[in-house]
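Peer 1: Let me give you the structure first, and then I'll get to my questions.
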Amino acid sequence: MKNMKPYPTEDELPPITMVNEVDFSAHYSYADYMRFEFEERLEIIKGRIFKMSPTPSRIHQGVLTNIFGPIYSILRGKPCHVYTAPFDVRLAKKTKSDKEIFTVVQPDIVVVCDQDKLDKRGCIGAPDIVVEILSPGNCKKELINKYEVYEEAGVKEYWIVSPVYKTFFRYILDDQGKFQSTKLLTEGEEVTTPILPGFKLILEEVFQD
């Protein structure tokens, strides 16, 4: 039996080149995620694989641009950074080991003020602001699954934007580490946040086509 080849370690496992090779009932880590070599975008939430929505619509991308632009402008020359998807956010719990990270998401927009959380692969740890723009078919994932992991990770503000209903909903993390919701906002109202001093988001401009 000395000549028997040992079973490959996780680091030696081959890449996964087709999405139909993924077992959606299995439990995955970020180390597994790094083996994905196909075009389809997937996220891992608490070890479970979720398909991302198909290519975002023109309206979705327009709303994203209308939010990203004002944030980018206010942050120019400042230590905080803003990124748009695809941008991996790894929400580590115990360690930063790839094998021990079981949530990897790609929010539409993230603001990160702690530069120690940024590396060549994205962000490891909770961003200060996460923005999710709803698309048909992904609302349940954003409203339930991601709410839980963002709260647990300590995301300071979680914004949920609906291009269909032209609404803006904001969760703010309190001193006990729990999200508190603000009122539902829509066209004719403005959004400000202490995370971005001087920032003002005019929702009528966000939802203009």
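Since every read-out is calculated from the coordinates, none of them should be taken as a lab result. A quick note: this is a predicted structure, and the numbers were derived from the prediction, not measured. Cβ sites come from the backbone with ideal geometry, for glycine too, and all protein chains shown count toward neighbours.
Peer 1: Could you list which residues have their amide H under 5 Å from that of I45, counting only those 5 or more apart in sequence or on another chain, with H placed in the peptide plane?
Peer 2: F50, V104
Peer 1: Taking 30 Å as the cut-off for C-alpha to C-alpha distance, list the pairs among K99/K200; K99/K166; K78/K156 that go past it. It would help to have the intermediate numbers written out before the result.
Peer 2: Values: K99/K200 40 Å; K99/K166 40 Å; K78/K156 18 Å.
K99/K200; K99/K166, as the Cα separations exceed 30 Å there.
Peer 1: Right, here's the next one. Would you please classify the overall shape of the chain from the alpha carbon gyration tensor, given that a ≥ b ≥ c denote the square roots of the eigenvalues, rounded means a/c under 1.5, and beyond that prolate means a/b larger than b/c while oblate covers the rest? Let's see the in-between values first.
Peer 2: Working: a/c = 2.22, a/b = 1.81, b/c = 1.23.
Since a/c reaches 1.5 and a/b is larger than b/c, the shape of the chain is classed as prolate.
Peer 1: Hey, another quick one. By the gyration tensor of its Cα atoms, with a ≥ b ≥ c the square roots of the eigenvalues, what is the shape of region 83-156: rounded for a/c under 1.5, prolate for a/b over b/c, or oblate? All intermediate terms of the calculation are to be shown ahead of the outcome.
Peer 2: Details: a/c = 1.73, a/b = 1.38, b/c = 1.26.
Here region 83-156 falls in the prolate category.
Peer 1: Compute the relative contact order of region 1-154 as a whole-number percentage, counting only Cα pairs closer than 8 Å that sit 6 or more residues apart in sequence.
Peer 2: 22
Peer 1: Please go through region 30-98 and write out the chymotrypsin sites (Phe, Trp or Tyr not before Pro) that DSSP classes as loop and that have at most 16 other C-beta atoms within 10 Å.
Peer 2: Values: sites: Y30, Y33, F36, F38, F50, F68, Y72, Y83, F87; in loops: F38, F87.
In loop regions of region 30-98 (DSSP not H, G, I, E or B), the sparsely surrounded chymotrypsin sites (Phe, Trp or Tyr not before Pro) are F38.
Peer 1: Something else now. Rounded to the nearest 10 degrees, what's the angle between the helix 58-75 long axis and the longest principal axis of the chain, both from Cα atoms, 0 to 90?
Peer 2: That helix lies at roughly 80 degrees to the long axis.
Peer 1: Here is a further query. Taking the Cα centre of region 97-194 as origin, work out the dipole magnitude from +1 charges on Lys and Arg Cβ and -1 charges on Asp and Glu Cβ, in debye rounded to 20. Please list the in-between numbers first.
Peer 2: Working: 12 positive and 18 negative charges, 65 e Å.
Roughly 320 debye for region 97-194.
Peer 1: Farthest toward the dipole's positive end in region 10-51, which of V22, F50, F36, given Cβ charges of +1 (Lys, Arg) and -1 (Asp, Glu) about the Cα centre?
Peer 2: F50
Peer 1: Please give the net charge around G177, taking every other residue with its beta carbon less than 15 angstrom from that of G177, where Lys and Arg add +1 and Asp and Glu add -1. List each step's numbers first, then the result.
Peer 2: Working: positive: K93, K156, K178; negative: D128, E148, E151, E152, E157, D174, D175.
Result for the neighbourhood of G177: -4.
Peer 1: Still on this structure, please answer the following. How large is the charge dipole for the chain, taken about the Cα centre, if only the Cβ atoms of Lys, Arg (+1) and Asp, Glu (-1) carry charge, to the nearest 20 debye? Can you show the working numbers first?
Peer 2: Values: 27 positive and 32 negative charges, 65 e Å.
With Lys and Arg at +1 and Asp and Glu at -1, about 320 debye.
Peer 1: Once phi is turned into ³J(HN,Hα) by the Karplus curve 6.51 cos²θ - 1.76 cosθ + 1.60 with θ = phi - 60°, what whole-Hz value does each residue of region 172-177 show in order, with x for glycine and proline?
Peer 2: Per-residue couplings from phi come out as 10, 6, 8, 5, 8, x Hz.
Peer 1: Classify region 114-193 as rounded, prolate or oblate, taking a ≥ b ≥ c as the square roots of the eigenvalues of its Cα gyration tensor: rounded when a/c is under 1.5, otherwise prolate if a/b is larger than b/c and oblate if not. Each step should come with its number before you reach the end.
Peer 2: Working: a/c = 1.69, a/b = 1.45, b/c = 1.17.
Prolate, since a/c reaches 1.5 and a/b exceeds b/c.
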